[in-house]
Amino acid sequence: MEQRHLVPHAQFRPPRHRRLLAAIRAFGGMVKAATKEWLVRETLDRDLTEDLLVDALLSVIERVLLDEPQ
């Protein structure tokens, strides 16, 4: 899924849009690490991995949407 389609109905001004894309790219690193913990190290199960990533992504999006530059 392309990053620009994750929040299709939100209206972003360019600086916020750039921050959101940067935050989602950074989140991709967390996805990679969490997936490795689940599938390789077996320290997380599927449900916990999903919950962790969903909560983290929502937090990232909320932070970008609420963090309006002055």
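No value in this document is a laboratory result; all are computed from the given coordinates. Nothing here was measured: the structure is a model prediction, and the numbers come from that model. Every residue, glycine among them, receives a Cβ derived from its backbone with ideal geometry; neighbour counts consider all protein chains shown.
Structure notes:
- Scan of the stretch 13-27 for residues that are without any contact (Cβ under 8 Å) to a residue 12 or more places away in the chain, surrounded by 11 or more Cβ atoms within 10 Å (Cβ to Cβ) and not hydrophobic (A, V, I, L, M, F, W, C), ordered by number: HIS17, ARG18
- Scope the stretch 34-70; condition under 28 Å from PRO15 (Cα atoms), surrounded by 12 or more Cβ atoms within 10 Å (Cβ to Cβ), of a type outside the set (Val, Ile, Thr) and out of contact with any Phe, Trp or Tyr (no Cβ under 7 Å at 6 or more places or on another chain); matching residues: LEU52, LEU53, SER59, ARG63, LEU65
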